[in-house]
1. Can you pull out the residues in segment 30-68 that are among the aliphatic types (A, V, I, L, M) and assigned to a loop (DSSP other than H, G, I, E, B)?
2. For segment 102-128: of the residues being crowded, with 21+ Cβ neighbours inside 10 Å and in contact with a helix residue (DSSP H, G or I) (Cβ under 6 Å, 6 or more places away or on another chain), which is nearest to GLY35 (Cα to Cα)?
3. Quick check on segment 86-96. Is at least one of its residues over 23 Å from THR44 (Cα atoms), in the same structural domain as VAL51 (by TED's automatic domain parsing) and buried (at least 18 other Cβ atoms within 10 Å of the Cβ)?
4. Looking for something over 14 Å from the mean Cα position of the chain (by Cα), assigned to a strand (DSSP E or B) and over 17 Å from PRO25 (Cβ atoms) - is there at least one such residue anywhere in segment 69-80?
Amino acid sequence: MRNIILAGALALGAATSANAAVVYPVGTPGALGLGQQLINDFNTAGAQAQVTGGGFIFQSGSNSNGGAIFGGDGTTYLSVLTNGSANVSTLSLGQGTGIVYLDIGSVDTYNTITLNFVGGGSQSFTGSQIANPANGSQSSPILNARFAFNGQGQLIQSISFASSQNSLEVDNIAVSVPEPATWGMMIAGFGIVGASLRRRRQTVVTA
């Protein structure tokens with residue numbers, strides 16, 4: 001656990017400005033934590049169809065195309081192959097998210113994960129910025145873990161994965177569940193829109 005915390009501190013230190021996104025470990029892979037809403041686990045054809053790009057596969061187990069995430073749930077995962085790229089939407093209820101959570105297996109220096117922000121702009125993290133040392137170990141709890149990518153006030157609309165060699169393995173992508181205050185604002189907003197539509201219909205009928 002001490003090593004995981006130190007790895008997280010190194011990743012946080014990679015941020016170069018107050019609003020730069022950061023990445024840090026949040027526990028072992030295979031299970032969603034509190035406040036996480038699953039977006040894609042790659043276990044069905046429908047879920048896999050949501051991934052765009054090329055040079056990636058979906059598989060379970062370990063072979064030359066990817067290693068199963070150590071400590072993970074043992075189900076199908078996304079493996080990005082040599083010079084491949086994959087993109088997954090992280091929109092929830094039509095909105096971007098402040099934090100994206102995902103399981104990553106055997107982090108390597110040649111892996112790259114990019115956050116794409118609502119309104120434009122992006123930020124990329126190399127394997128060495130995600131965990132250190134990023135040597136591809138398939139049994140290290142530091143390199144096989146659940147990570148959080150925090151936009152630090154920037155809303156994330158999608159997350160992209162790339163690797164210059166075999167491979168980058170990810171699974172169980174989730175987004176942060178809106179806080180109660182946010183839900184309250186959304187519900188109030190829906191109520192205002194509904195009231196406006198009712199008034200508009202009444203005006204039309206009166207005319």
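1. Matches in segment 30-68: ALA31, LEU32, LEU34, VAL51, ALA68.
2. That would be VAL107.
3. Checking segment 86-96: at least one residue is over 23 Å from THR44 (Cα atoms), in the same structural domain as VAL51 (by TED's automatic domain parsing) and buried (at least 18 other Cβ atoms within 10 Å of the Cβ).
4. Yes.
Per-residue answers, yes or no, for (1) among the β-branched types (Val, Ile, Thr); (2) modelled with pLDDT of 95 or more; (3) under 15 Å from the mean Cα position of the chain (by Cα):
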{"residue": "LEU91", "(1), (2), (3)": "no, no, yes"}
{"residue": "THR97", "(1), (2), (3)": "yes, yes, yes"}
{"residue": "ASP108", "(1), (2), (3)": "no, yes, no"}
{"residue": "THR112", "(1), (2), (3)": "yes, yes, yes"}
{"residue": "GLN123", "(1), (2), (3)": "no, yes, yes"}
{"residue": "PRO133", "(1), (2), (3)": "no, yes, no"}
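The values are calculated or read from the model by the stated rules, or taken from the named source; none is laboratory data. As the structure is a prediction and not an experimental result, all values here were calculated from the model. So basically every Cβ, Gly included, is an ideal-geometry build from the backbone, and we count neighbours across all protein chains shown.
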